[in-house]
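Notes for the one structure printed next.
Quick note: the coordinates plus some simple rules give every number you see, no bench work behind them. Remember, predicted model here, so these are calculated numbers, not experimental data. In this analysis, Cβ positions are derived from the backbone assuming ideal geometry, glycine residues included, and neighbour counts consider all displayed protein chains.
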Amino acid sequence: MVAVSSIRDAEPSADPRIESSGADDAQRRRTRGVVVGIAVAAALVALGGLVIGSMRDGSTASWSGTVLGEPATLPDVTLTDTDGEPFNLRDDSLGTTTILMFGYTSCPDVCPINLASLGSALEQLGPNRSSSVRVVFISVDPGRDQPEVVRSYLDQFDRDFVGLSGGPADLRAAQEGVGVERSEFGATGEDGGYEVGHASAMFVFGPDGTARIVYPFGTRQSDWTRDLPRLLDGEVPA
Amino acid sequence: MNAPGEDRPGGTVEAGRSDPGPSDPGRTSSGDAAHAVTGRGRAWALGLIALAVVAVGAALLVGMLGGDDGAPPQVSASEARAGERVGTTVAVYVTLRNTGGADTLERASSPDAARVLVHGTDEVGIMRTSPSLEVPASTTVRLEPGGTHLMLEGVGRSLAPGDTVPVALEFDRGETLRIEAPVVPLEDLLEEPPG
């Protein structure tokens, strides 16, 4: 569920978990549609696992994240930060450990949980360590996420989180450059609202602009507090 | 070690137990066929297989067309929890256990919210608003972070850990279930839910 093709918000449990409790034969037939749906979701998750499996390089036993066989690099793409200033993903991140994620401020629960878990972990690490980490949130919803909207959203989690936005072309370049699947807009509801499917994993780029590890949705604060100090100490995930 | 998705909320999809017991028709009839040796015995075996095939077909048909078996739904809620408010929205998670006949959550409401929606996912994994949520007979449906959940919109009250959010769940056939979801820090939602 971490792979490029599967880092969507909702994929980990595309349906609520349903457990059959020893229904009789006819009842089982009735729930067959549901089971088929779950099987399809499970197949998608498995497919994602295969993709990530093929990307894996050796054991990940000692890391909470998924080690990338092929490291990702920060692309030379310029977006706009919440002060309206240009921010070049590659050049402006050199020398800093960057945790990068895509998301949007109307994101139902995946983005807030990612941001809160990360924010809480950084707080636990203390200012000395957390000051050398920069969290970068790239909005996949240019239509609604104006810089000031992104700013007030991120401030709920950590005032130091960097929020970036850009037009569709720049956003696409950023996603392709990092190596995640393009975000997709869902259907617009009666009230004009819509959701956006997007990569939900968090990439940790070292000061050299290279990411060797990625953290899926579901990464707990305790996973972060265990892994981050090692990453900051320069340990290379393998 | 924490493999991706291992043991994480929203990271697992559990299909129903397949339970291939003695009712497995394929296994039974092939066993009979093995015992049939010659002549009349073979004819009997073929007859039995044909009967089994018809019976299975009929069971399938009944199962698909059957709809409600008339048993009253028995839905109970547990493990209710609400995330802290983000903007004016609050996500609520709950486990719905149905020990009776099939039912559907048709509507949810809360005095704390302008409206409550069911958020599910579409076939390509994009979160969408669902009009309702099916709770099939004899199943447990878990609403979990990253998956299907109840989204409270237009929440005016500032909610902190220690507070609870009342939500009324109106079912199609059964009664209205009233839950009190304790507010949990967002970063704690991924930890084990309360019993």
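Translational diffusion of the stretch A:66-232, estimated by Stokes-Einstein from the Kirkwood radius over alpha carbon pairs at 20 °C in a medium of 1.002 mPa s, is 135 µm² per second. If you sort the three axes of the alpha carbon gyration tensor as a ≥ b ≥ c, you get a/c of 1.5 or more for the stretch B:75-188 and a/b above b/c, which makes it prolate. The mean number of Cβ atoms from other chains found within 10 Å of a Cβ in peptide A:212-220 is 5, as a whole number.
Tell me, what is the FRET efficiency for B:SER78 and B:ALA160 to the nearest 0.05, using R0 = 22 angstrom and their Cβ-Cβ distance as r? Could the numbers behind the result be given before it?
Numbers: r = 23 Å, r/R0 = 1.04.
Efficiency computed from Cβ-Cβ geometry: 0.45.
A protection proxy built from the mean count of other Cβ atoms within 10 Å ranks the segments A:65-73, A:227-235, A:186-194, most packed first, as A:65-73, A:227-235, A:186-194.
Over the whole of B:150-163, what's the average partner chain Cβ count within 10 Å per residue? Rounded to a whole number, please.
Mean shielding count: 0.
Between B:THR88 and B:GLU106, the modelled labels are 2.8 nm apart [label points 7 Å from Cα along Cα→Cβ]. Averaged over residues, the count of other Cβ atoms within 10 Å places the peptides B:174-182, B:86-94 in the sequence B:86-94, B:174-182, highest first.
Considering every residue in B:93-99, what mean count of other chain Cβ atoms within 10 Å of its Cβ is obtained? Show your work: numbers first, answer last.
Working: counts 2, 1, 2, 2, 2, 2, 1.
Counting Cβ atoms of other protein chains within 10 Å of each residue's Cβ and averaging gives 2.
Here the spin labels are modelled as points 7 Å beyond Cα on the Cα-Cβ line, and at B:GLU170 and B:LEU46 they lie 6.1 nm apart.
For A:SER93, what is the net charge nearby, where nearby means another residue's Cβ is under 13 Å from its Cβ and Lys, Arg count +1, Asp, Glu -1?
On the way: positive: A:ARG90, A:ARG134; negative: A:ASP76, A:ASP81, A:ASP91, A:ASP92, A:ASP208.
Charge balance near A:SER93 sits at -3.
Using θ = phi - 60° in the Karplus curve 6.51 cos²θ - 1.76 cosθ + 1.60, the 3J(HN,Hα) couplings for the stretch A:125-130 round to 5, x, x, 4, 7, 5 Hz; x is entered for Gly and Pro. In plain terms, the chain from B:GLU180 to B:SER132 could stretch by 15.3 nm, reckoned as 0.36 nm per residue minus the Cα-Cα distance. Give the distance, in whole Å, between the Cα centre of the stretch B:136-173 and the Cα centre of the stretch A:67-141. Measuring centre to centre over Cα atoms gives 30 Å.
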